[in-house]
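K.L.:
Questions regarding the structure given below will be posed in turn.
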Amino acid sequence: MIKRLLEKRIRNDLFKGKVIIVYGARRVGKTTLSKQLLSEFSMAGKYLNCEILSVEKNLTEREPEKLRAFLGTNKVIVLDEAQVIPDIGKVLKLINDTIKDVQIIATGSSSFDMAYKTSETLTGRAYHYVMYPLSVLELTAENDWMYLASNLERLLLFGLYPQVFLSDNEEAVRELEEISSSYLFKDLLHYDGIKKSRLLKDLLISLALQLGSEVSYNELANKLGVNSMTIQKYIDLLEQCHIIFRLNSFSRNLRKELSKSFKVYFYDNGIRNALINNYNPLSMRNDAGALWENFCISERIKSNNYLGRKVNSYFWRTYDQKEIDYIEETGGKITGYELKYSEAKKKLSFKEFSDTYKAKVNVVNLLNYREFFEGAI
């Protein structure tokens, strides 16, 4: 089993009087992680799948004594897929306030649902974490960077969902097709107002085909035959489910900068390739650069999150087509990154951006991606 970076952080937060909530898409390893944490408590830990009707029924009780009787004398309780419990925030608050000797770890596949139900009721009573598919930092902690280099193309094609990574290529495709055709939408379709699974799939395919390019709500709406507000709503929810994420354009209101544009990336390359049904080798593709860009940015966001680095992330482009792929702003410092699958010379846009913002611009390619993922550049 590949050790997850969240495990140590969560373990350090146990028994501090707060609920621990772990968000993340389905199949990223939340259940495996929670059971690993429980294994250290032997008979004093209990795993509860909230999608089981009897568990849901018992957790809807609002009487502390009934909840205590159901939870027993266990010291650590895992509530997996806790978002299915009605008013889960109130239930967690009641347990946390009245049963002081138990540590609750709640996992949720759909953060928009869990966050909505817990944000107000658990103010000051919870630690929140996001779990992603496997990260490069987790792989290299178990192996070394030479191992990563030898498997890099496979990661760009099949991604890092745990079961996908641990399978051969044929089984990896089957797993990705299952995730992208059912698990990806399971929680979204329970959300009020989301009725069109076909529209969700078509929207994701359109976003997958635009990987690395700017996205327009209006253009997507016209293409898919709905209004732009519907597209915006669906993209918001897909982002809150940790399937995609947006990068907004960086601008300090210079006249020629794009100020309201955004790009959409996927947290996992494999899901993106499954949506367009393309697992061809990089040598046979015209989107290798976009795959590299998606991989680098998603891995950087994972490492920033896991290592506790607080940054704002953007891209930069001007109307005359000068651009920087990825920008980070932290502590008043701005750094740019040009993400190239092959060696690349610095472009004129580097100088303009550097001169304007007194910022360094780094090229990230096959020679130095280790430093980028580790946060050394």
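K.L.:
Over segment 136-374, calculate the relative contact order: mean separation of alpha carbon pairs under 8 Å at least 6 apart, over the residue count, as a percent.
P.N.:
Values: 322 pairs, mean separation 42.7, N = 239.
It rounds to 18 percent for segment 136-374.
K.L.:
Also: Could you tell me which residue out of Asn312, Gly332, Val363 lies farthest along the dipole of segment 305-377 toward its positive end? Charges go on the beta carbon: Lys and Arg +1, Asp and Glu -1, centred on the Cα centre.
P.N.:
Value: Gly332.
K.L.:
OK, next. I need the phi-derived Karplus couplings for segment 118-123: 6.51 cos²θ - 1.76 cosθ + 1.60, θ = phi - 60°, integer Hz, Gly and Pro marked x.
P.N.:
Those phi angles translate into 10, 4, 7, 5, 9, 4 Hz.
K.L.:
Starting from the Cα of Lys310, draw a straight line to each of the aspartates and glutamates and keep only those under 12 Å, dropping any in the same chain fewer than 8 residues away.
P.N.:
Cα-Cα hits under 12 Å: Glu328, Glu329.
K.L.:
Hey, got the dipole for the chain? About the Cα centre, +1 on K and R Cβ, -1 on D and E Cβ, debye to the nearest 20? Can you show the working numbers first?
P.N.:
Numbers: 54 positive and 48 negative charges, 194 e Å.
The dipole of the chain has a size of about 940 debye.
K.L.:
For segment 5-130, calculate the relative contact order in percent as a whole number, restricting contacts to Cα pairs under 8 Å that are 6 or more residues apart. Show your work: numbers first, answer last.
P.N.:
Working: 204 pairs, mean separation 47.6, N = 126.
The value is 38 percent.
K.L.:
Now a separate question. As a test of understanding, state the convex hull volume per residue of the chain from its alpha carbons, in Å³. Please report the intermediate quantities before stating the final value.
P.N.:
Working: hull volume 57.8 nm³, N = 377.
That works out to 153 Å³ per residue.
K.L.:
If I take all pairs of Cα atoms in segment 5-130, what percentage of them are more than 20 Å from each other?
P.N.:
Values: 2775 of 7875 pairs.
The share of Cα pairs beyond 20 Å in segment 5-130 comes to 35 percent.
K.L.:
Can you tell me how much longer the chain between Thr32 and Arg252 gets when fully stretched, taken as 0.36 nm per residue apart minus their C-alpha distance, in nm with one decimal?
P.N.:
Details: separation 220, 0.36 × 220 = 79.20 nm, distance 4.40 nm.
Stretched out fully, the Thr32 to Arg252 stretch lengthens by 74.8 nm.
K.L.:
Measuring from centroid to centroid over Cα atoms, what is the spacing of segment 19-43 and segment 208-232 in Å?
P.N.:
36 Å
K.L.:
Nearest 20 debye, what's the magnitude of the dipole of segment 5-130 about its Cα centre given +1 on Lys and Arg Cβ and -1 on Asp and Glu Cβ? Spell out each step's value before the answer.
P.N.:
Values: 20 positive and 15 negative charges, 66 e Å.
The calculated dipole for segment 5-130 is roughly 320 debye.
K.L.:
Follow-up question, since we're still on this one. Under the classification rounded if a/c is under 1.5, otherwise prolate if a/b is larger than b/c and oblate if not, where does segment 174-319 fall, given a ≥ b ≥ c as square roots of the Cα gyration tensor eigenvalues?
P.N.:
Values: a/c = 1.42, a/b = 1.17, b/c = 1.22.
Rounded, since a/c falls under 1.5.
K.L.:
Would you give the gap between the C-alpha center of segment 48-107 and the C-alpha center of segment 288-351, rounded to a whole Å?
P.N.:
Between the Cα centre of segment 48-107 and that of segment 288-351, the gap is 42 Å.
K.L.:
Let me ask something else. Say R0 is 45 Å: what FRET efficiency, to the nearest 0.05, do Lys8 and Asn218 get from their beta-carbon distance? Could you put the intermediate results ahead of the total?
P.N.:
Working: r = 45 Å, r/R0 = 1.00.
Calculated value: 0.50.
K.L.:
For segment 93-252, rounded, prolate or oblate, judged on the Cα gyration tensor with a ≥ b ≥ c (square roots of eigenvalues), a/c < 1.5 rounded, else prolate if a/b > b/c? Numbers along the way, then the final one.
P.N.:
Working: a/c = 1.74, a/b = 1.06, b/c = 1.64.
Note, shape of segment 93-252 comes out oblate.
Every number here is computed from the coordinates shown, using simple stated rules; none is lab data. Since the model is a prediction, treat every value here as computed from it, not as a measurement. No Cβ is skipped: glycine too gets one built from the backbone with ideal geometry, and neighbour counts run over all protein chains shown.
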